[in-house]
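Peer 1: Below are the structure tokens for one structure; questions will follow.
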Amino acid sequence: MSFWWLARKDLLLTFRDKKAFITLIAMPLLLIAILGAAFGNLMKDEEVSIKKFTLGVTDLDQGVLSKVLTDEVFKKGMEDQIKLQFFQEKDLLQKIKNHELEVGIIIQPDFSKSLLSGEETRIKLVSTPDPGVKPIIVQSVVEQFAQTIPIQTMLAAKQETGAVQQESIEPKDLIKESTLSKKTKPAGSFQYYAAAMGVMFLLMTVVQGVTMMIREKEEPVYQRLQLTNLTYSHYLLGKMMGLVILCFIQALIIIIGTNLLFDVNWGSSISGVIIMTFAFVVNACGLGMLAGALIKTEKGFNVAGMLGTQIMAALGGSMVPLYIFPDWIVSVTKFFPNGLALQTYLKLMSGAKLTEILPAVAGSIALGLLFLAIGVIFLVFERRGKYA
Amino acid sequence: MELLNVQHLRKSFGQLEAVKGVTFSVKKGESFGLLGPNGAGKSTTINMITGLFPPTSGSIFLHDIDVVKQPKQAQKRIGVVPQEIALYQEMSAWENLKFWGRIYGLNGSQLTRKVEEVLEIIGLSDRAKDKVSTFSGGMKRRVNIGAAILHNPELLIMDEPTVGIDPQSRNHILETVKQLNEEGMTVIYTSHYMEEVEYLCERIGIIDHGVVIASGTLKELREKMEDRSRIKLTIDGVKENAADINKVLAGHFSEKEFQFQDNQLIVFHKEPQLVLSELVHSVTETGTRITSVDIVEPNLESVFLHLTGRNLRD
Ligand SMILES: Nc1ncnc2c1ncn2[C@@H]1O[C@H](COP(=O)(O)OP(=O)(O)OP(=O)(O)O)[C@@H](O)[C@H]1O
Ligand SMILES: [Mg+2]
């Protein structure tokens, strides 16, 4: 139980420190808001550098709007990013199953009709279990298309009663207009950044926590801690527990805050988001504890901590979008707590269910506990090492 | 009954050998003092006894617990007052004591009662809810002691608990320790103030350069001095005239009975009153000027000086 009292003491001290408290709660929301405001421009530049991928299409509708979406928006408008291939539904699913294709959409028969009459429409998004950010791109394009069309058609209908004029719907404008002029948020892109920023903030909180831990190690209280009943495993577990609780609170604030303030949709599986968040926090804090066990001076940690988080944040997709990296880097960064977390959040955002992310959750928690165990072993051996 | 037994303790930090074979034992209920100047190796010795780090060689037993092999077993029975203030400054005295009590495994009403009792002992009941950072140096030292006695340790080890505080707080601390010892707690007390050790400790070890150079009861140590007092003469230009003074004194005293230190001439003698006038007379004959005369009864300071040729405090 002594580890719990240690954790509780750390939380108490953090909440007493007004500066730490504000950094923890207010800063993330503020920064996400600023980035959100500056966001439109950011995304425009980066879209050019998305690696080209193939999108499989089954058009069961064969209507006016499905043609606009496939031919104008995807084929011409996103020529640099997407190669379009048409399939029968059966073949499309087979290709995805065989991993010959990563992402596909199936446009339902009533697509054009429903859209034109302002009803909800359906496009099925299918993908391999692990397609990275591609479905997010496709999804956001389709969503924007669906949001913009009714307005465009209404405008067109006012001027020229009758059929929709295809020429008046320039696909590039479509994207731009939905980003800039309309009030709707570019959900896909903003979702990405909310997740990426949130993950980076949590890394920074871990760094903050480990800095406090090392500072304590340099103070006489650490000597007294070592002279009590507290074993090294209880010590590190207590430290980790305090930090996990702190990070979890921060994560929930980021998730709920971005959802309420900026309409960021973290996916339909609330339990998935919560469980993944917990798993990520355990992973990141475990890594933090390992660093805290290995590094003796705050000075030493400032350098290592800064460098480490910058590299992890950059490669993990928190600074530039993941899809500019080659696939192998994206795979490798799954071994970073933040890399795995971001990719899993994106999956959840594109509709994954709890069961689909359980492997990531398990991996995350296992890594965190492994880091913790190595940290404890190091502390024990370090003490023995003093026998010299 | 022997509580603590320390044998041939050594500790090296790289090239530096801080402790070079310390041996002593402490009986149950006893108060043992470790007296030595700065850098003598007191803290290093204490830190090994409390199991903070293992010795390079040597053995430490608390009852039959091998402290080197099973530090956690021993630590349950030991209360340690570290040389530095080991408290959370942003928490109140009450919160600090509660926290440390919990870490030692106390809880519930037992913990609350114990914290109240300790606050009473250290005389800080009325300031319990104030943050430690707002306390004076002496008050912090008292809380530092309080945190070490919450779990009713058999052995209380204090590493210079009165460094840098006002006389009033110091007296309070000495009284507290004396009382704890009288109530049955075994105490090891390190200091470079001989008055504290003389006042508190039944047995004393004098440590210098990592070696215990003398140990025993205060009486035994005084006997080493053959009950000789010290006559301290402060003399203008004692260094320049050392040769002359030497010559004059050689007729009256043996080599071992006098020595020069800084601007002082120190003479050891059983009956200082008898030789004082003759001494002053002889010294003035050399043409030097005596600016002060001081007679000191035999104490630990003189034992240390006698053994090492140096003062305890420089
Ligand atoms: N961790 C360490 N690394 C290297 N040298 C050390 C270490 N701890 C102590 N020393 C050295 O060992 C010697 C003994 O130090 P120690 O702290 O035990 O002395 P002390 O008697 O407690 O002195 P003080 O009265 O100043 O507290 C000193 O020379 C000190 O510089
Ligand atoms: Mg010391």
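Every number here is computed from the coordinates shown, using simple stated rules; none is lab data. This structure is a prediction, so every number in the text was calculated from the model and none was measured. Here the Cβ is made from the backbone with ideal geometry for all residues, glycine too, and neighbour counts use every protein chain on show.
Peer 1: What residue among B:Leu156, B:Leu274, B:Leu35 has the largest mean-square fluctuation in a Gaussian network model of chain B, using Cα springs under 10 Å?
Peer 2: Of the options given, B:Leu274 has the highest mean-square fluctuation.
Peer 1: Can you give the helix-only mean residue ellipticity at 222 nm for chain B, where every DSSP H stretch with n ≥ 4 adds -39500 (n - 2.57) and the sum goes over all residues, rounded to the nearest 500 deg cm²/dmol?
Peer 2: Details: 11 runs with 113 residues, N = 314.
Value at 222 nm, helices only: -10500 deg cm²/dmol.
Peer 1: Okay, next question. Expressed in whole Å with the largest first, what are the equivalent ellipsoid semi-axes of the range B:187-303 derived from the C-alpha gyration tensor as the square root of 5 times each eigenvalue? Spell out each step's value before the answer.
Peer 2: Working: eigenvalues 193, 41, 31 Å².
Ellipsoid half-lengths, sorted descending, are 31, 14, 12 Å.
Peer 1: Whole-Hz ³J(HN,Hα) for each residue in the range A:96-105, computed from phi via Karplus 6.51 cos²θ - 1.76 cosθ + 1.60 with θ = phi - 60°, x for glycine and proline: what do you get?
Peer 2: Once rounded to whole Hz, the list reads 5, 4, 7, 6, 7, 9, 9, 10, x, 10.
Peer 1: Can you work out the Karplus-derived ³J(HN,Hα) for every residue in the range B:24-34? Use 6.51 cos²θ - 1.76 cosθ + 1.60 with θ = phi - 60°, whole Hz, and x for glycine or proline.
Peer 2: Values, residue by residue: 6, 9, 10, 8, 4, x, 7, 10, 10, x, 10 Hz.
Peer 1: If I histogram all Cα-Cα distances within the range A:253-340 using bins 5 Å wide from 0, what percent of pairs lands in each bin?
Peer 2: Histogram of Cα-Cα distances, whole percents per bin: 3, 12, 16, 19, 20, 16, 9, 4, 1.
Peer 1: Pairs of alpha-carbon atoms within less than 8 angstrom and 6+ residues apart define the contacts here; what relative contact order does the range B:168-314 have, in percent?
Peer 2: That works out to 27 percent.
Peer 1: Among DSSP beta bridges whose residues both lie in the protein assembly as shown, state the antiparallel percentage, nearest 5.
Peer 2: On the way: 45 of 73 bridges.
Antiparallel bridges: around 60 percent, rounded to the nearest 5.
Peer 1: With the cut-off at 33 Å, report for chain B the share of all Cα pairs above it, as a whole percent. Don't skip to the answer; put the middle values down first.
Peer 2: Working: 17982 of 49141 pairs.
Of the Cα pairs, 37 percent sit more than 33 Å apart.
Peer 1: Roughly how many whole Å is it from the C-alpha centroid of the range B:255-291 to that of the range B:110-166?
Peer 2: Each part's Cα centre sits 47 Å from the other's.
Peer 1: So what's the range A:320-373 giving for Rg/Rh, alpha carbon basis, Kirkwood Rh from the mean inverse pair distance? List each step's numbers first, then the result.
Peer 2: Numbers: Rg = 11.9 Å, Rh = 11.9 Å.
Result: Rg/Rh = 1.00.
Peer 1: Using the Cα centre as the reference, give the magnitude of the dipole from point charges on the C-beta atoms of chain B (Lys, Arg: +1; Asp, Glu: -1; all else neutral), rounded to the nearest 20 debye. Don't jump to the answer; show the numbers that get you there.
Peer 2: On the way: 36 positive and 42 negative charges, 233 e Å.
In total the dipole reaches around 1120 debye.
Peer 1: Moving on. Using +1 on the beta carbon of Lys and Arg, -1 on that of Asp and Glu, and nothing else charged, what's the dipole of the protein assembly as shown about the Cα centre, debye to 20? List each step's numbers first, then the result.
Peer 2: Numbers: 73 positive and 75 negative charges, 243 e Å.
Result for the protein assembly as shown is approximately 1160 debye, rounded to the nearest 20.
Peer 1: Given H placed on each backbone N at 1.01 Å, which residues far from A:Val57 in sequence or on other chains put an amide H within less than 5 Å of it?
Peer 2: It is A:Gln85, A:Phe86, A:Phe87, A:Ile105, by chain and number.
Peer 1: Report the equivalent ellipsoid semi-axes for the protein assembly as shown in whole Å, largest first, defined as the square roots of five times the eigenvalues of the gyration tensor built from alpha carbon atoms. Provide the component values of the computation, followed by the final result.
Peer 2: Numbers: eigenvalues 1262, 114, 94 Å².
Square roots of five times the eigenvalues give 79, 24, 22 Å.
Peer 1: Then there is this: What is the P(r) of the range B:42-156, as percent of Cα-Cα pairs per 5 Å bin from 0?
Peer 2: Answer for the range B:42-156: a P(r) of 2, 12, 21, 21, 16, 13, 9, 4, 1, 0 percent.
Peer 1: Treating only the Cβ of Lys, Arg, Asp and Glu as charged (+1, +1, -1, -1), what charge dipole size does the range B:175-296 show about its Cα centre? Round to the nearest 20 debye.
Peer 2: Details: 13 positive and 22 negative charges, 58 e Å.
Dipole about the Cα centre, nearest 20: 280 debye.
Peer 1: Can you tell me the order of B:20-32, A:292-304 when each peptide is scored by its average per-residue count of other Cβ atoms within 10 angstrom, highest first? Before the final figure, lay out each step's value.
Peer 2: Working: B:20-32: 17.9, A:292-304: 16.4.
Listed from highest to lowest mean packing, they are B:20-32, A:292-304.
Peer 1: I need the per residue convex hull volume for the range A:190-249, using only the alpha carbons, in cubic angstrom as a whole number.
Peer 2: Cα-based convex hull of the range A:190-249, divided per residue, equals 70 Å³.
Peer 1: Most fluctuating residue of B:Asp64, B:Asp262, B:Asp236 in a GNM of chain B with Cα springs under 10 Å: which is it?
Peer 2: B:Asp262
Peer 1: Further question on the same structure: Considering only DSSP beta bridges whose two residues both sit in the range B:2-218, what percent are antiparallel, to the nearest 5?
Peer 2: On the way: 23 of 41 bridges.
Antiparallel bridges make up about 55 percent of those DSSP assigns within the range B:2-218.
Peer 1: Specify whether the C-alpha gyration tensor of the range B:90-133 places it in the rounded, prolate or oblate class, a ≥ b ≥ c being the square roots of the eigenvalues: rounded for a/c under 1.5, otherwise prolate if a/b is larger than b/c and oblate if not.
Peer 2: Details: a/c = 2.38, a/b = 1.32, b/c = 1.80.
Cα axes put the range B:90-133 in the oblate bin.
Peer 1: If every alpha-carbon in the range B:228-297 counts as one equal scatterer, what log10 I(q)/I(0) does Debye give at q = 0.20 1/Å?
Peer 2: Each listed q corresponds, in turn, to -0.73.
Peer 1: A 19 angstrom limit on the alpha carbon distance is what I want to check against. Which of B:Lys20/B:Lys72; B:Lys219/B:Lys270; B:Lys72/B:Lys114; A:Lys9/B:Lys131 exceed it?
Peer 2: Values: B:Lys20/B:Lys72 25 Å; B:Lys219/B:Lys270 15 Å; B:Lys72/B:Lys114 22 Å; A:Lys9/B:Lys131 14 Å.
In this structure, B:Lys20/B:Lys72; B:Lys72/B:Lys114 exceed 19 Å between Cα atoms.
Peer 1: Each residue of the range A:189-204 in order: what ³J(HN,Hα) in whole Hz does its phi give by Karplus 6.51 cos²θ - 1.76 cosθ + 1.60, θ = phi - 60°, with x for Gly and Pro?
Peer 2: Whole-Hz 3J(HN,Hα) from phi for the range A:189-204: 5, 5, 3, 4, 5, 4, 5, 5, 5, x, 5, 5, 4, 5, 4, 5.
Peer 1: If you average the alpha carbon positions of the range A:61-81 and of the range B:18-70, how far apart do those two centres end up, in angstrom?
Peer 2: Each part's Cα centre sits 82 Å from the other's.
Peer 1: Could you point to the residue in A:Leu13, B:Gly21, A:Leu348 farthest towards the positive end of the protein assembly as shown's charge dipole, with +1 and -1 charges on the Cβ of Lys/Arg and Asp/Glu respectively?
Peer 2: Going by the Cα projections, it comes out as A:Leu348.
Peer 1: With bins 10 Å wide starting at 0, give me the P(r) of the range A:219-283 over every alpha carbon pair, in whole percents.
Peer 2: 19, 36, 22, 15, 9, 0
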